[in-house]
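Everything on this sheet refers to the single structure shown next.
The values are calculated or read from the model by the stated rules, or taken from the named source; none is laboratory data. These figures come from a predicted structure and were not determined experimentally. All Cβ positions, even for glycine, are placed from backbone atoms using ideal geometry, and neighbour counts span all protein chains on display. Areas reflect the complete protein model, heavy atoms only, side chains present, ligands, DNA and RNA absent. Shrake-Rupley method; radii C 1.70, N 1.55, O 1.52, S 1.80 Å.
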Amino acid sequence: MCGFSGCFSHNKKLEKSFYPVPLNHRGPDDFKLFKNNFVNLNFFRLKILGGVYGEQPMISENKKWLMVFNGCIYNYVEIAKEIKRPDLIRKGDSRVLLEFLSLKGFSNLKKLNGMFSIVIINIKKKKLFLIRDRFGIKPLYYKIKKNIFYFSSEIKSISNTFKLKIDFDQISNFLESELYPARPNTFFKDIYEIEPGTINEFKKVKIKIKKFYNLEKQVNALERKKLNLRKFENIFEKSLKLRLRSDVPISLHYSGGIDSTAILCKLREIYKKKFPIKVFFINYGSKNNLDLLRAKTVTKLLKVKLNILNFNKHNLKREALKVQYFMDEPFGGIPLIGMSVLSKEGRKNNIPVSLEGQGSDEIFGGYFSHVLLLMKDLYITKKNK
(Lines give C-alpha, C1' and ligand atoms only; values in the text may rest on other atoms or scores of the structure.)
Protein backbone atom coordinates (compact mmCIF):
# COMPACT_ATOMS: atom_id res chain seq x y z
CA MET A 1 0.00 0.00 0.00
CA CYS A 2 1.38 3.36 -1.06
CA GLY A 3 -0.17 6.82 -1.00
CA PHE A 4 0.00 9.97 -3.08
CA SER A 5 -1.48 13.43 -3.38
CA GLY A 6 -1.12 16.33 -5.75
CA CYS A 7 -2.66 19.09 -7.82
CA PHE A 8 -2.72 20.00 -11.51
CA SER A 9 -3.62 22.99 -13.66
CA HIS A 10 -3.86 23.41 -17.45
CA ASN A 11 -3.25 27.12 -17.72
CA LYS A 12 -2.71 28.49 -14.23
CA LYS A 13 0.73 28.45 -12.66
CA LEU A 14 0.79 26.70 -9.30
CA GLU A 15 2.48 29.53 -7.48
CA LYS A 16 1.36 28.33 -4.07
CA SER A 17 2.55 24.91 -2.99
CA PHE A 18 0.04 22.18 -2.14
CA TYR A 19 0.62 21.06 1.45
CA PRO A 20 -1.47 17.93 1.99
CA VAL A 21 -1.73 15.88 5.17
CA PRO A 22 1.23 13.44 5.02
CA LEU A 23 0.38 9.83 4.20
CA ASN A 24 3.36 8.18 5.89
CA HIS A 25 1.12 5.44 7.27
CA ARG A 26 0.48 4.33 3.67
CA GLY A 27 4.11 4.52 2.59
CA PRO A 28 6.63 4.57 5.44
CA ASP A 29 9.68 3.51 3.38
CA ASP A 30 10.24 6.51 1.12
CA PHE A 31 8.95 9.96 0.17
CA LYS A 32 9.50 11.83 -3.10
CA LEU A 33 8.21 15.16 -4.40
CA PHE A 34 7.87 16.39 -7.98
CA LYS A 35 6.94 19.97 -8.78
CA ASN A 36 6.80 22.28 -11.79
CA ASN A 37 4.55 25.10 -13.00
CA PHE A 38 1.49 22.95 -13.66
CA VAL A 39 1.77 19.85 -11.44
CA ASN A 40 2.68 19.07 -7.84
CA LEU A 41 3.07 15.40 -6.78
CA ASN A 42 3.78 13.84 -3.38
CA PHE A 43 4.42 10.11 -3.14
CA PHE A 44 4.74 7.92 -0.02
CA ARG A 45 6.09 4.48 -0.82
CA LEU A 46 5.77 1.04 0.72
CA LYS A 47 8.52 -1.02 -0.91
CA ILE A 48 7.24 -4.31 -2.32
CA LEU A 49 8.80 -4.70 -5.78
CA GLY A 50 11.61 -3.13 -7.78
CA GLY A 51 13.87 -1.76 -5.05
CA VAL A 52 15.29 1.64 -6.01
CA TYR A 53 13.85 1.25 -9.52
CA GLY A 54 10.35 1.54 -8.09
CA GLU A 55 10.78 5.06 -6.75
CA GLN A 56 7.98 7.47 -7.66
CA PRO A 57 6.94 9.93 -9.05
CA MET A 58 8.23 8.14 -12.14
CA ILE A 59 8.96 9.45 -15.63
CA SER A 60 8.74 7.18 -18.69
CA GLU A 61 11.85 6.38 -20.69
CA ASN A 62 10.63 8.52 -23.59
CA LYS A 63 10.19 11.46 -21.17
CA LYS A 64 6.58 11.84 -22.26
CA TRP A 65 4.72 10.53 -19.20
CA LEU A 66 4.84 11.25 -15.46
CA MET A 67 3.14 8.78 -13.10
CA VAL A 68 2.24 8.02 -9.49
CA PHE A 69 0.68 4.61 -8.84
CA ASN A 70 -0.70 2.84 -5.77
CA GLY A 71 -1.38 -0.87 -5.95
CA CYS A 72 0.09 -3.99 -7.50
CA ILE A 73 0.16 -5.33 -11.07
CA TYR A 74 0.25 -9.08 -10.45
CA ASN A 75 0.99 -10.06 -14.06
CA TYR A 76 3.79 -7.52 -14.57
CA VAL A 77 6.18 -10.29 -15.65
CA GLU A 78 3.86 -11.30 -18.50
CA ILE A 79 3.19 -7.65 -19.39
CA ALA A 80 6.95 -6.95 -19.63
CA LYS A 81 7.37 -9.90 -21.98
CA GLU A 82 4.41 -8.76 -24.10
CA ILE A 83 6.06 -5.39 -24.79
CA LYS A 84 9.34 -7.28 -25.40
CA ARG A 85 11.04 -5.69 -22.40
CA PRO A 86 11.95 -8.60 -20.07
CA ASP A 87 14.78 -6.40 -18.77
CA LEU A 88 12.12 -4.37 -16.91
CA ILE A 89 11.01 -7.30 -14.74
CA ARG A 90 13.75 -6.75 -12.14
CA LYS A 91 12.69 -3.09 -11.94
CA GLY A 92 9.24 -4.05 -10.63
CA ASP A 93 5.61 -3.60 -11.56
CA SER A 94 5.59 0.23 -11.42
CA ARG A 95 8.21 0.59 -14.15
CA VAL A 96 6.59 -2.15 -16.24
CA LEU A 97 3.20 -0.44 -15.87
CA LEU A 98 4.48 2.97 -16.95
CA GLU A 99 6.33 1.67 -20.02
CA PHE A 100 3.35 -0.53 -20.95
CA LEU A 101 0.97 2.46 -20.87
CA SER A 102 3.51 4.60 -22.70
CA LEU A 103 3.84 2.06 -25.52
CA LYS A 104 0.37 0.50 -25.69
CA GLY A 105 -1.92 3.30 -24.48
CA PHE A 106 -5.00 3.12 -22.28
CA SER A 107 -6.94 0.87 -24.66
CA ASN A 108 -4.93 -2.08 -23.32
CA LEU A 109 -5.83 -1.58 -19.64
CA LYS A 110 -7.94 -4.75 -19.71
CA LYS A 111 -4.72 -6.75 -19.92
CA LEU A 112 -3.69 -5.63 -16.43
CA ASN A 113 -4.31 -8.12 -13.64
CA GLY A 114 -4.15 -6.19 -10.41
CA MET A 115 -5.46 -3.51 -8.10
CA PHE A 116 -4.48 0.06 -8.85
CA SER A 117 -5.14 3.76 -8.69
CA ILE A 118 -3.05 5.62 -11.24
CA VAL A 119 -2.44 9.29 -11.92
CA ILE A 120 -0.56 9.73 -15.18
CA ILE A 121 0.30 13.00 -16.92
CA ASN A 122 1.31 13.70 -20.49
CA ILE A 123 4.06 16.21 -19.75
CA LYS A 124 4.34 17.74 -23.22
CA LYS A 125 0.60 18.09 -23.85
CA LYS A 126 -0.27 18.93 -20.23
CA LYS A 127 -2.97 16.26 -19.99
CA LEU A 128 -4.01 14.64 -16.72
CA PHE A 129 -5.54 11.13 -16.51
CA LEU A 130 -6.78 9.23 -13.45
CA ILE A 131 -7.40 5.48 -13.66
CA ARG A 132 -8.90 3.14 -11.08
CA ASP A 133 -9.00 -0.67 -10.98
CA ARG A 134 -12.04 -2.73 -11.94
CA PHE A 135 -13.61 -2.96 -8.47
CA GLY A 136 -12.25 0.16 -6.80
CA ILE A 137 -9.95 -1.73 -4.44
CA LYS A 138 -7.44 1.11 -4.35
CA PRO A 139 -8.88 4.51 -3.37
CA LEU A 140 -8.66 7.76 -5.33
CA TYR A 141 -10.41 11.05 -4.47
CA TYR A 142 -10.49 14.49 -6.07
CA LYS A 143 -11.72 18.06 -5.78
CA ILE A 144 -11.87 20.81 -8.42
CA LYS A 145 -11.59 24.45 -7.38
CA LYS A 146 -10.65 27.58 -9.35
CA ASN A 147 -9.58 25.52 -12.38
CA ILE A 148 -7.17 23.46 -10.28
CA PHE A 149 -7.60 19.70 -9.90
CA TYR A 150 -6.65 18.26 -6.49
CA PHE A 151 -6.33 14.50 -5.93
CA SER A 152 -5.25 12.07 -3.24
CA SER A 153 -5.34 8.49 -1.97
CA GLU A 154 -7.19 9.71 1.13
CA ILE A 155 -9.77 12.43 1.68
CA LYS A 156 -7.91 13.81 4.69
CA SER A 157 -4.92 14.66 2.55
CA ILE A 158 -6.96 17.26 0.67
CA SER A 159 -8.39 18.68 3.90
CA ASN A 160 -5.17 20.50 4.79
CA THR A 161 -5.74 22.83 1.84
CA PHE A 162 -9.54 23.05 2.11
CA LYS A 163 -11.86 22.94 5.07
CA LEU A 164 -13.96 19.83 4.62
CA LYS A 165 -17.73 20.18 4.76
CA ILE A 166 -19.71 17.12 5.84
CA ASP A 167 -22.69 16.23 3.67
CA PHE A 168 -25.32 15.63 6.36
CA ASP A 169 -27.85 14.39 3.81
CA GLN A 170 -25.50 11.54 2.96
CA ILE A 171 -24.94 10.84 6.67
CA SER A 172 -28.70 10.73 7.29
CA ASN A 173 -29.24 8.36 4.37
CA PHE A 174 -26.44 6.09 5.60
CA LEU A 175 -27.90 5.89 9.12
CA GLU A 176 -31.32 5.02 7.72
CA SER A 177 -30.29 2.60 4.96
CA GLU A 178 -26.66 1.60 5.71
CA LEU A 179 -25.92 2.54 2.09
CA TYR A 180 -22.85 4.52 1.10
CA PRO A 181 -23.28 7.56 -1.15
CA ALA A 182 -23.83 6.75 -4.82
CA ARG A 183 -20.56 7.20 -6.70
CA PRO A 184 -18.87 9.54 -7.33
CA ASN A 185 -20.24 11.24 -4.18
CA THR A 186 -18.69 10.88 -0.72
CA PHE A 187 -19.74 11.90 2.79
CA PHE A 188 -18.10 15.29 2.14
CA LYS A 189 -19.34 18.10 -0.05
CA ASP A 190 -17.34 18.75 -3.23
CA ILE A 191 -15.08 15.74 -2.60
CA TYR A 192 -15.57 12.94 -5.11
CA GLU A 193 -14.12 9.51 -5.78
CA ILE A 194 -12.91 8.22 -9.11
CA GLU A 195 -15.28 5.46 -10.19
CA PRO A 196 -13.96 1.87 -10.53
CA GLY A 197 -13.03 0.60 -13.98
CA THR A 198 -12.75 4.08 -15.50
CA ILE A 199 -10.27 6.37 -17.25
CA ASN A 200 -10.80 10.01 -16.27
CA GLU A 201 -9.37 13.00 -18.11
CA PHE A 202 -9.34 16.45 -16.56
CA LYS A 203 -10.47 18.60 -19.45
CA LYS A 204 -11.69 22.22 -19.43
CA VAL A 205 -12.20 22.19 -15.64
CA LYS A 206 -14.38 19.07 -15.90
CA ILE A 207 -13.90 15.32 -15.78
CA LYS A 208 -14.36 13.29 -18.95
CA ILE A 209 -15.08 9.66 -18.02
CA LYS A 210 -14.56 6.54 -20.12
CA LYS A 211 -15.25 3.00 -18.87
CA PHE A 212 -12.73 0.26 -19.62
CA TYR A 213 -14.50 -2.44 -17.57
CA ASN A 214 -18.17 -3.37 -17.13
CA LEU A 215 -18.91 -5.93 -14.41
CA GLU A 216 -22.42 -6.73 -15.63
CA LYS A 217 -21.18 -7.55 -19.14
CA GLN A 218 -18.42 -9.75 -17.73
CA VAL A 219 -20.84 -11.72 -15.53
CA ASN A 220 -23.24 -12.22 -18.43
CA ALA A 221 -20.38 -13.45 -20.62
CA LEU A 222 -19.22 -15.91 -17.94
CA GLU A 223 -22.70 -17.38 -17.59
CA ARG A 224 -22.35 -18.72 -21.13
CA LYS A 225 -19.08 -20.48 -20.32
CA LYS A 226 -18.80 -23.89 -18.70
CA LEU A 227 -16.48 -24.11 -15.70
CA ASN A 228 -15.67 -27.45 -14.10
CA LEU A 229 -13.86 -28.05 -10.83
CA ARG A 230 -10.48 -28.71 -12.47
CA LYS A 231 -10.60 -25.46 -14.46
CA PHE A 232 -11.66 -23.54 -11.37
CA GLU A 233 -8.79 -24.95 -9.32
CA ASN A 234 -6.27 -24.11 -12.05
CA ILE A 235 -7.54 -20.50 -12.17
CA PHE A 236 -7.43 -20.29 -8.36
CA GLU A 237 -3.86 -21.62 -8.19
CA LYS A 238 -2.65 -19.31 -10.95
CA SER A 239 -4.29 -16.33 -9.25
CA LEU A 240 -2.62 -17.16 -5.95
CA LYS A 241 0.83 -17.68 -7.50
CA LEU A 242 0.65 -14.26 -9.18
CA ARG A 243 -0.02 -12.68 -5.78
CA LEU A 244 3.02 -14.37 -4.26
CA ARG A 245 5.37 -12.25 -6.37
CA SER A 246 7.12 -10.03 -3.89
CA ASP A 247 10.57 -8.84 -2.84
CA VAL A 248 9.44 -8.87 0.81
CA PRO A 249 7.95 -11.55 3.12
CA ILE A 250 4.23 -12.40 2.92
CA SER A 251 1.80 -13.46 5.64
CA LEU A 252 -1.70 -14.94 5.65
CA HIS A 253 -4.50 -13.48 7.76
CA TYR A 254 -6.32 -16.70 8.62
CA SER A 255 -9.87 -16.67 10.00
CA GLY A 256 -10.63 -20.38 9.88
CA GLY A 257 -13.38 -19.65 7.35
CA ILE A 258 -13.87 -21.35 4.00
CA ASP A 259 -12.09 -18.82 1.76
CA SER A 260 -8.97 -18.35 3.90
CA THR A 261 -8.82 -22.14 4.48
CA ALA A 262 -8.88 -22.68 0.70
CA ILE A 263 -5.97 -20.24 0.36
CA LEU A 264 -4.02 -21.97 3.15
CA CYS A 265 -4.56 -25.43 1.64
CA LYS A 266 -3.44 -24.26 -1.79
CA LEU A 267 -0.38 -22.55 -0.28
CA ARG A 268 0.50 -25.84 1.42
CA GLU A 269 0.32 -27.55 -1.99
CA ILE A 270 2.49 -24.89 -3.63
CA TYR A 271 5.14 -24.98 -0.89
CA LYS A 272 5.59 -28.72 -0.53
CA LYS A 273 8.58 -28.60 1.82
CA LYS A 274 9.57 -25.38 3.57
CA PHE A 275 6.52 -23.17 4.28
CA PRO A 276 7.63 -19.49 4.15
CA ILE A 277 4.23 -17.89 4.86
CA LYS A 278 3.59 -16.77 8.44
CA VAL A 279 -0.02 -17.48 9.43
CA PHE A 280 -1.79 -15.07 11.82
CA PHE A 281 -5.14 -15.60 13.54
CA ILE A 282 -6.96 -13.02 15.66
CA ASN A 283 -9.03 -14.42 18.49
CA TYR A 284 -11.97 -12.24 19.56
CA GLY A 285 -13.49 -14.72 22.02
CA SER A 286 -12.64 -17.47 24.48
CA LYS A 287 -10.01 -20.16 24.14
CA ASN A 288 -12.65 -22.62 22.94
CA ASN A 289 -14.51 -20.56 20.34
CA LEU A 290 -15.44 -22.40 17.13
CA ASP A 291 -13.30 -20.31 14.75
CA LEU A 292 -10.19 -20.86 16.85
CA LEU A 293 -10.81 -24.60 17.19
CA ARG A 294 -11.29 -24.87 13.41
CA ALA A 295 -8.12 -22.86 12.74
CA LYS A 296 -6.09 -25.03 15.13
CA THR A 297 -7.43 -28.23 13.57
CA VAL A 298 -6.69 -27.17 9.98
CA THR A 299 -3.17 -25.84 10.67
CA LYS A 300 -2.31 -28.98 12.64
CA LEU A 301 -3.42 -31.20 9.74
CA LEU A 302 -1.40 -29.10 7.28
CA LYS A 303 1.61 -28.95 9.64
CA VAL A 304 1.64 -25.16 9.62
CA LYS A 305 2.36 -22.98 12.64
CA LEU A 306 -0.57 -20.84 13.79
CA ASN A 307 0.31 -17.49 15.36
CA ILE A 308 -2.59 -16.43 17.60
CA LEU A 309 -3.27 -12.81 18.60
CA ASN A 310 -5.80 -12.31 21.39
CA PHE A 311 -7.85 -9.17 20.84
CA ASN A 312 -8.29 -7.11 23.99
CA LYS A 313 -11.90 -5.85 24.05
CA HIS A 314 -10.81 -2.96 26.26
CA ASN A 315 -8.80 -1.63 23.30
CA LEU A 316 -11.81 -1.68 20.97
CA LYS A 317 -12.55 2.06 21.11
CA ARG A 318 -8.91 3.03 20.63
CA GLU A 319 -8.42 0.67 17.69
CA ALA A 320 -11.72 1.77 16.13
CA LEU A 321 -10.64 5.43 16.25
CA LYS A 322 -7.35 4.52 14.53
CA VAL A 323 -9.18 2.71 11.74
CA GLN A 324 -11.60 5.61 11.40
CA TYR A 325 -8.69 8.00 10.92
CA PHE A 326 -7.28 5.86 8.13
CA MET A 327 -10.63 5.28 6.41
CA ASP A 328 -12.02 8.87 6.57
CA GLU A 329 -15.56 7.55 6.04
CA PRO A 330 -17.69 4.96 7.95
CA PHE A 331 -16.19 1.47 7.85
CA GLY A 332 -17.62 -2.03 7.88
CA GLY A 333 -17.41 -3.11 11.50
CA ILE A 334 -15.27 -5.24 13.80
CA PRO A 335 -13.52 -7.36 11.08
CA LEU A 336 -11.79 -4.26 9.69
CA ILE A 337 -10.47 -3.47 13.18
CA GLY A 338 -9.15 -7.01 13.34
CA MET A 339 -7.40 -6.59 9.98
CA SER A 340 -5.78 -3.41 11.26
CA VAL A 341 -4.45 -5.24 14.34
CA LEU A 342 -3.15 -8.09 12.19
CA SER A 343 -1.45 -5.68 9.79
CA LYS A 344 0.24 -3.93 12.70
CA GLU A 345 1.54 -7.29 13.92
CA GLY A 346 2.83 -8.02 10.43
CA ARG A 347 4.78 -4.76 10.38
CA LYS A 348 6.31 -5.65 13.75
CA ASN A 349 7.59 -8.84 12.11
CA ASN A 350 8.78 -6.92 9.00
CA ILE A 351 6.05 -8.52 6.88
CA PRO A 352 4.34 -5.71 4.96
CA VAL A 353 2.27 -7.91 2.60
CA SER A 354 -0.66 -10.12 3.60
CA LEU A 355 -3.04 -12.50 1.84
CA GLU A 356 -6.66 -12.62 3.00
CA GLY A 357 -9.88 -14.42 2.20
CA GLN A 358 -12.57 -11.76 2.00
CA GLY A 359 -16.08 -12.30 0.66
CA SER A 360 -15.29 -15.50 -1.25
CA ASP A 361 -16.99 -18.11 0.95
CA GLU A 362 -19.80 -18.51 -1.60
CA ILE A 363 -17.33 -19.17 -4.43
CA PHE A 364 -15.97 -22.15 -2.48
CA GLY A 365 -19.40 -23.62 -1.70
CA GLY A 366 -20.43 -21.33 1.13
CA TYR A 367 -21.93 -22.38 4.44
CA PHE A 368 -25.05 -24.45 5.00
CA SER A 369 -26.93 -21.31 6.05
CA HIS A 370 -26.30 -19.92 2.55
CA VAL A 371 -27.93 -23.01 1.02
CA LEU A 372 -31.02 -22.46 3.15
CA LEU A 373 -31.21 -18.84 2.02
CA LEU A 374 -30.88 -19.95 -1.61
CA MET A 375 -33.69 -22.50 -1.18
CA LYS A 376 -35.90 -19.82 0.35
CA ASP A 377 -35.13 -17.42 -2.50
CA LEU A 378 -35.88 -20.08 -5.13
CA TYR A 379 -39.14 -20.96 -3.41
CA ILE A 380 -40.29 -17.32 -3.29
CA THR A 381 -39.24 -16.74 -6.92
CA LYS A 382 -41.14 -19.82 -8.15
CA LYS A 383 -44.18 -18.94 -6.04
CA ASN A 384 -44.36 -15.43 -7.49
CA LYS A 385 -44.19 -16.59 -11.12
> Counting residues that are crowded, with 23+ Cβ neighbours inside 10 Å and either of a type in the set (Lys, Arg) or within 22 Å of the chain's Cα centre (by Cα) (or both), which strands (runs of 3 or more DSSP E) fully inside the range 18-116 reach at least 3?
Replying inline: 39-45, 65-73
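Is it the case that residue 125 is more than 20 Å from the chain's Cα centre (by Cα) and among the basic types (Lys, Arg)? Working first, answer last.
On the way: more than 20 Å from the chain's Cα centre (by Cα): yes; among the basic types (Lys, Arg): yes.
Yes: the conditions hold for residue 125.
Does residue 34 satisfy the criteria of being over 22 Å from residue 246 (Cα atoms) and either among the hydroxyl-bearing types (Ser, Thr, Tyr) or in contact with a Leu (Cβ under 6 Å, 6 or more places away or on another chain) (or both)? Step through it out loud before you land on a result.
Working: over 22 Å from residue 246 (Cα atoms): yes; either among the hydroxyl-bearing types (Ser, Thr, Tyr) or in contact with a Leu (Cβ under 6 Å, 6 or more places away or on another chain) (or both): yes.
Yes; evaluated as a whole, the condition is true for this residue.
Counting residues that are open to solvent by less than 80 Å² (accessible area, probe 1.4 Å) and touching a helix residue (DSSP H, G or I) at 6+ places or on another chain (Cβ under 6 Å), which helices (runs of 4 or more DSSP H) fully inside the range 207-313 reach at least 1?
Working: elements: 215-223, 229-243, 258-270, 290-302.
Result: 229-243, 258-270, 290-302.
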> So residue 331 fits all but one of (1) assigned to a loop (DSSP other than H, G, I, E, B); (2) of a type outside the set (Ser, Thr, Tyr); (3) modelled with pLDDT under 90; (4) farther than 30 Å from residue 171 by Cα; what number is the exception?
Replying inline: (4)
> Any idea how many residues of the range 172-183 are open to solvent by 50 Å² or more (accessible area, probe 1.4 Å) and under 24 Å from residue 150 (Cβ atoms)?
Replying inline: 3
> Mind checking whether some residue in the range 126-135 is within 24 Å of residue 4 (Cα to Cα), modelled with pLDDT of 95 or more and in a helix (DSSP H, G or I)?
Replying inline: no
>> Suppose we filter the range 152-179 for residues that are modelled with pLDDT of 95 or more and part of a strand (DSSP E or B); how many remain?
In response: 1
> Does the range 83-103 contain at least one residue that is β-branched (Val, Ile, Thr), without any contact (Cβ under 8 Å) to a residue 40 or more places away in the chain, over 23 Å from residue 346 (Cα atoms) and in contact with a strand residue (DSSP E or B) (Cβ under 7 Å, 6 or more places away or on another chain)?
Replying inline: yes
